Amino acid sequence: MSLIEEGNEKQVRMSHLAIVGSHSTNGVAALHTQILKTTVFRDFFELYPDRFNNKTNGITQRRWLKKCNPALSQLISDTIGEGWLKNLADLKKLMPFTGNKAFCETWQHIKKENKIRLAEYIKQTTSMWVNTDSLFCCHINASMSTRDN
């Protein structure tokens, strides 16, 4: 737990200094936080258990769905209420509606309209036509301007 690395050349252990000097240590993902607590910084976790926590980076699935697919979000909220916006597990409440004809037709209509919008965007930006009755498989890679490539 020393702040100074012992050896031929003494160096400050910046990670140790950060833990001692901060009110919070974040593992970025639940697994990473668990690793920090149980192995990497176990001694610090025993000394400062309240300082170790997890805040996953990025956007929550709930916010992503609400922002990128407002029509589907509205259908979900109209069907099961808005609890899913705070608790993703509430989406399980949609299961009883999988056999509801009106719900399924509305879901499919929203899906088709979104595919049409995407096809129009693809046509506009690439001059390529895509069949909206086909399966779309989209891959998006992160673009990190702060990282060296």
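The values are calculated or read from the model by the stated rules, or taken from the named source; none is laboratory data. The shown structure was predicted, so the numbers you read here are calculated from the model rather than taken from an experiment. Every residue, glycine among them, receives a Cβ derived from its backbone with ideal geometry; neighbour counts consider all protein chains shown.
Things to note:
- Being part of a loop (DSSP other than H, G, I, E, B), outside the structural domain of GLY27 (by TED's automatic domain parsing) and without any contact (Cβ under 8 Å) to a residue 60 or more places away in the chain is a property that does not hold for SER73.
- Qualifying residues in the stretch 108-119 (those that are in contact with a Phe, Trp or Tyr (Cβ under 9 Å, 6 or more places away or on another chain) and hydrophobic (A, V, I, L, M, F, W, C)) - the one surrounded by the most Cβ atoms within 10 Å (Cβ to Cβ): ALA119
- Within the stretch 67-95, being under 17 Å from THR106 (Cβ atoms) and among the basic types (Lys, Arg) holds for one residue alone: LYS93.
- Cβ pairs under 9 Å, 6+ apart, first in the stretch 51-64 and assigned to a loop (DSSP other than H, G, I, E, B), second charged (D, E, K, R): ILE59/LYS67
- Criterion: in contact with a strand residue (DSSP E or B) (Cβ under 8 Å, 6 or more places away or on another chain) and of a type in the set (Phe, Trp, Tyr) - qualifying residue of PHE103, PHE45: PHE45
- One residue stands out in the stretch 37-58 among those that are surrounded by 12 or more Cβ atoms within 10 Å (Cβ to Cβ) and among the β-branched types (Val, Ile, Thr): the one that is modelled with the lowest pLDDT, namely THR56.
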